[in-house]
Amino acid sequence: MRVRQRDIAKAAGVSQASVSLVVSGRASEGGISTTTQDRIRAAMEELGYVPDAAARSLRGGRSGLVGVFTYEPIFPARPDEYFHEFLVGIEMAAADHGQDLVLFSSAQGADGRRSIYAGGASRLQRADGSVILGMYRDDDELARLTAEGYPVVSVGRYDPVPDAAWVEVDYDSAVTTIVADLRQAGHHGLGYIQGEDSRLPSLSRRSAFQSSTRSDITAVLTESELDEAALLGWKDAGITAIVTENPVLAEKVEQIVVRAGLRIPEDFSAACLDTPLRSGRSASWSHLVIPKRQVGMRSVSLLAAILDGKLPLGHHETVQCAPHHLGTIAPLRP
């Protein structure tokens, strides 16, 4: 038998209107004391009452749902996949805040991309607010969301829509530290291998590397240019350290180095500006530790603060990443 609000009111000895205000999250507006609110919630728990999220939303209350939306398929099948730790952090923080997660994942277009406004109305309105993650964004849709006053937090800096809240990763200090350690080991010929994308995290890492190596001899290869001849050419030109933008490139470097009869770190010191694949050849590389779980958790906490009126809709935060040194930054061999 379904428990109704009138059953809660009878058990708590209050009016049904008081129960409705507590359920909708507007108890303070109705002047209901903390003691009475606690009594109502205790009755709800004792009777096993489950609020109707859709009905609460229609009344202007809070549904207790946090949305997670991405424009492309990202659900991780393996711990090594890029978004795994972000999602773990999101789930942990939602549990800490007593929120349920709704993953908006139905594909809309022929290219597999999703739309927030499929059919004309925002699909995210079922949740009180949403976390947006993934490598791709739709500027117009996210600008429309913020113009409508819908609370949204982007995992990662999102300059095209400055009115959206975001939690970004600051790569600068960690990249600078890795470059400084390479210099201290005697390396002033540094080679950078970059991906062939223009995603914000990649651009941030490239910019940080360029800023910290202005006094060094540097060379740059894209993924398609990376081969055995290119690395041997680097060695002849005095490049003694390799920095890769992501773990996929680090794995490719390892494979090519072996084919070329070279070794890391004896012939090239090496570092990766992301966490290497756990089971890969580059697992022991010096690298950046990107606090993905912390970013996911902070994104939900920021959304909760916005929903509670403690922070503005366009609040921005930065989380620092750190260098982690294992065995691939070695002294320059004479």
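The values are calculated or read from the model by the stated rules, or taken from the named source; none is laboratory data. A quick note: this is a predicted structure, and the numbers were derived from the prediction, not measured. Reconstructed Cβ throughout: ideal geometry from the backbone, glycine too, with neighbour counts over all protein chains shown. Accessible surface is based on the protein model in full, side chains and every heavy atom, while ligands, DNA and RNA are left aside. Shrake-Rupley method; radii C 1.70, N 1.55, O 1.52, S 1.80 Å.
Placing R0 at 51 angstrom, the Cβ-Cβ distance between D170 and R333 gives a FRET efficiency of 0.90 after rounding to 0.05. With no solvent and one point on each alpha carbon, what is the Debye value of log10 I(q)/I(0) for the chain at q = 0.12 Å⁻¹? Normalising to I(0) and taking log10 leaves -0.88. Karplus-based coupling profile of segment 253-258, in residue order and whole Hz: 4, 4, 5, 5, 4, 4, with θ = phi - 60° in 6.51 cos²θ - 1.76 cosθ + 1.60 and x standing for Gly or Pro. Compared with the alpha-carbon gap, the fully stretched path from L203 to T34 is longer by 55.9 nm at 0.36 nm per residue.
In the chain, Cα pairs under 8 Å separated by at least six residues give a relative contact order of 18 percent. Residues whose amide H lies under 5 Å from that of V319, counting only those 5 or more places away or on a different chain, are E168, V169, D170; hydrogens are built 1.01 Å from N in the peptide plane. Calculated FRET efficiency, H188 to E72, Cβ-Cβ distance, R0 = 35 Å: about 0.30 to the nearest 0.05.
Along each principal axis, taking the top coordinate minus the bottom one, the Cα set of segment 124-213 gives 57, 22, 18 Å in descending order. For L101, nonlocal amide neighbours, meaning residues 5 or more places apart or on other chains whose placed amide H falls under 5 Å from its own, are V66. Pairs of Cα atoms nearer than 8 Å and 6+ residues apart set the relative contact order; for segment 170-250 it is 45 percent.
When a/c is below 1.5 the answer is rounded, else prolate if a/b is larger than b/c, else oblate, so apply that to segment 181-293 with a ≥ b ≥ c taken from the square roots of the Cα gyration tensor eigenvalues. Rounded, since a/c falls under 1.5. Of the solvent-accessible surface of segment 218-334, computed with a 1.4 Å probe and all protein chains present, 52% belongs to carbon and sulfur. Each residue of segment 224-232 is assigned a 3J(HN,Hα), and the resulting list reads 5, 8, 6, 7, 4, 4, 5, 5, 5 Hz, derived from the Karplus form 6.51 cos²θ - 1.76 cosθ + 1.60 (θ = phi - 60°), x at Gly and Pro. Under 5 Å between amide hydrogens, built in the peptide plane, is the criterion, and for H324 it picks out H287, L288, V289 among residues at least 5 positions away or on other chains. Phi angles of segment 201-208 translate, via the Karplus equation with coefficients 6.51, -1.76, 1.60 and θ = phi - 60°, into HN-Hα couplings of x, 5, 4, 5, 5, 4, 4, 5 Hz per residue; Gly and Pro are given as x.
Taking segment 299-329 and a reference point 7 angstrom along Cα→Cβ of S284, the backbone N atoms nearer than 13 Å belong to 326-329. Averaging the sequence gap over all C-alpha pairs within less than 8 Å and six or more residues apart, then dividing by the number of residues, gives segment 228-334 a relative contact order of 28 percent.
Normalised per residue, the accessible area of the chain is 48 Å², obtained with a 1.4 Å probe and no contribution from ligands, DNA or RNA.
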